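Everything below concerns the one structure shown next.
The values are calculated or read from the model by the stated rules, or taken from the named source; none is laboratory data. Here the structure is a predicted model, which is why all the values come from computation and not from measurement. Neighbour counts are summed over all protein chains in view; Cβ atoms, including those assigned to glycine, are modelled from backbone coordinates with ideal geometry. All accessible areas refer to the heavy atoms of the entire protein, side chains included, with ligands and DNA or RNA removed. Shrake-Rupley method; radii C 1.70, N 1.55, O 1.52, S 1.80 Å.
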Amino acid sequence: MRVAVAYEAGQPLVLEEVPVPAIGPRDVLVRISASGICHTDLHVIEGKSALPLPIVPGHEACGFVEGTGVDVRRVKPGDRVLASVAPACGACWWCVNGLSNHCELNASVKAVPRFTLPAGQTAGAVCGCGTFAEAMVVDEASLVPVRTDLADTQLALLGCGVTTGLAAVFNVAQVTPGSSVAVIGCGGVGQSVIQGARIAGAAVIIAIDPVRSRRDGAVAAGATHALDPAAADPVEQVRELTQGRGADYSFEVVGRPELMVAAFDMARTAGTVTLLGMPAVTDTLTLPAIKAVFSGKRLAGASTGGAQILRDFPTFIRLAETGRLDLASMVSQQITLDEVNKGIDLVNRAEGVRTVIV
């Protein structure tokens with residue numbers, strides 16, 4: 001099978017022919033039909049994450065089961081499956097208590113060195129998946145069987161970006177009808193937050209992004225206002241659009257500390273601030289202590305948006321099937337695995353919403 005390998009930080013991925021990884025008792029062999037390119041993969045490729053290289057990036061994908069280990073119960077050969085950025089065993093304390101995005105298998109599943117490279121060294125797989133490949137071997141906890149007529153290119157987006165955005169709106173922030181929402185960053189996750197806010201009934205949805213095409217896409221997704229942060233202070237612009245109070249809910253979807261502070265500042269007193277962007281592993285967030293205490297604001301980090309994949313994947317699929325969630329508009333480009341470095345470059349240049357490898 002062919003895989004795209006990140007050998008050195010900041011360097012192009014290298015396509016390699018490798019053996020199909022061994023299938024352990026809990027493992028599933030999945031033939032990948034589509035994989036999105038997420039900004040988190042860029043952090044890994046650029047060496048900004050804690051993950052060691054070499055590694056096979058990719059964690060947002062769908063495909064078909066070709067083989068299973070002896071202890072696998074969740075899926076069977078022939079099943080169409082959606083891979084998740086975070087596993088959910090369904091039985092540990094975290095899963096049973098509605099916190100499956102923190103499943104106790106998280107660390108162990110993601111640490112397995114899945115691939116043997118031509119030079120003999122082993123390579124890991126981002127989030128335990130490694131979907132920049134023709135196939136993957138993954139723990140069954142990272143898969144959910146699905147039955148839908150959605151196109152592969154659309155279904156794959158639910159594996160990370162879309163689910164992260166929607167779940168952050170519904171599960172973490174719990175946006176209410178008639179409320180105001182500000183979103184910093186309008187890539188795939190940001191536009192998913194915007195769609196989630198629209199579905200939740202928010203009355204004012206403010207999209208903030210320096211890229212004109214993404215602002216236009218955000219308006220098409222449901223934003224009522226689109227702000228260029230270079231035109232004026234976005235915090236002041238948000239306040240002007242919310243009767244001087246600030247937004248009821250703010251979301252930071254880029255992963256830069258200064259934008260996290262901006263999201264905090266543009267939320268109203270006693271508002272909710274949700275942080276979704278992936279920061280570099282060395283970044284630090286600093287807030288004025290007096291504001292953090294006396295503003296009454298709720299600051300919440302949202303790992304995978306607080307998604308509970310066994311429950312949320314089917315829910316989000318139904319939203320897409322019924323037209324409430326628009327996935328088709330989010331697929332900006334389709335490329336082949338041979339063009340993976342072109343896809344990485346598109347993401348680096350902030351072109352489009354989501355590039356999908358098919």
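In segment 230-243, is there at least one residue being modelled with pLDDT under 95, open to solvent by less than 20 Å² (accessible area, probe 1.4 Å) and either under 30 Å from GLY323 (Cα atoms) or touching a strand residue (DSSP E or B) at 6+ places or on another chain (Cβ under 9 Å) (or both)? No, the conditions are met nowhere in segment 230-243.
Selection over segment 172-213 of residues that are under 15 Å from the mean Cα position of the chain (by Cα) and of a type outside the set (A, V, I, L, M) gives a count of 9. Residue pairs whose Cβ atoms lie under 7 Å apart, sitting 6 or more positions apart in sequence or on different chains, and linking a residue in segment 111-132 that is farther than 13 Å from SER35 by Cα to a partner that is modelled with pLDDT of 95 or more and acidic (Asp, Glu), are LEU117/GLU16; PRO118/GLU16; GLY128/ASP139. Looking at segment 60-80 only, could you name the residues that are modelled with pLDDT of 95 or more, closer than 22 Å to LEU158 by Cα and either crowded, with 24+ Cβ neighbours inside 10 Å or out of contact with any strand residue (DSSP E or B) (no Cβ under 9 Å at 6 or more places or on another chain) (or both)? If the condition is that a residue be modelled with pLDDT of 95 or more, closer than 22 Å to LEU158 by Cα and either crowded, with 24+ Cβ neighbours inside 10 Å or out of contact with any strand residue (DSSP E or B) (no Cβ under 9 Å at 6 or more places or on another chain) (or both), then ALA61, CYS62, GLY63 are the ones that fit. For segment 30-42, a residue qualifies if it is among the aliphatic types (A, V, I, L, M) and within 19 Å of VAL5 (Cβ to Cβ), and the qualifying residues are VAL30, ILE32, ILE37, LEU42.
Has segment 230-241 got any residue that is assigned to a strand (DSSP E or B) and either within 23 Å of the chain's Cα centre (by Cα) or over 18 Å from GLY277 (Cβ atoms) (or both)?
No: segment 230-241 contains no residue that is assigned to a strand (DSSP E or B) and either within 23 Å of the chain's Cα centre (by Cα) or over 18 Å from GLY277 (Cβ atoms) (or both).
Among the candidates PRO87, PRO21, PRO57, the residue that is open to solvent by less than 30 Å² (accessible area, probe 1.4 Å) and more than 23 Å from GLY305 (Cα to Cα) is uniquely PRO21.
Among the residues of segment 90-104, how many are assigned to a loop (DSSP other than H, G, I, E, B) and either open to solvent by less than 40 Å² (accessible area, probe 1.4 Å) or under 28 Å from LEU150 (Cα atoms) (or both)? Selection size over segment 90-104: 5.
Rundown of residues vs (1) of a type in the set (Phe, Trp, Tyr); (2) modelled with pLDDT of 95 or more; (3) within 27 Å of VAL144 (Cα to Cα), yes/no style:
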| position | (1), (2), (3) |
| --- | --- |
| GLY161 | no, no, yes |
| VAL169 | no, yes, yes |
| SER192 | no, yes, yes |
| GLY196 | no, yes, yes |
| ALA200 | no, yes, yes |
| ILE206 | no, yes, no |
| ASP209 | no, yes, no |
| ARG214 | no, no, no |
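Within segment 201-221, can you find the residues that are closer than 18 Å to THR242 by Cα, open to solvent by 10 Å² or more (accessible area, probe 1.4 Å) and among the aliphatic types (A, V, I, L, M)? The answer is ALA202, ALA203, VAL204, VAL219.
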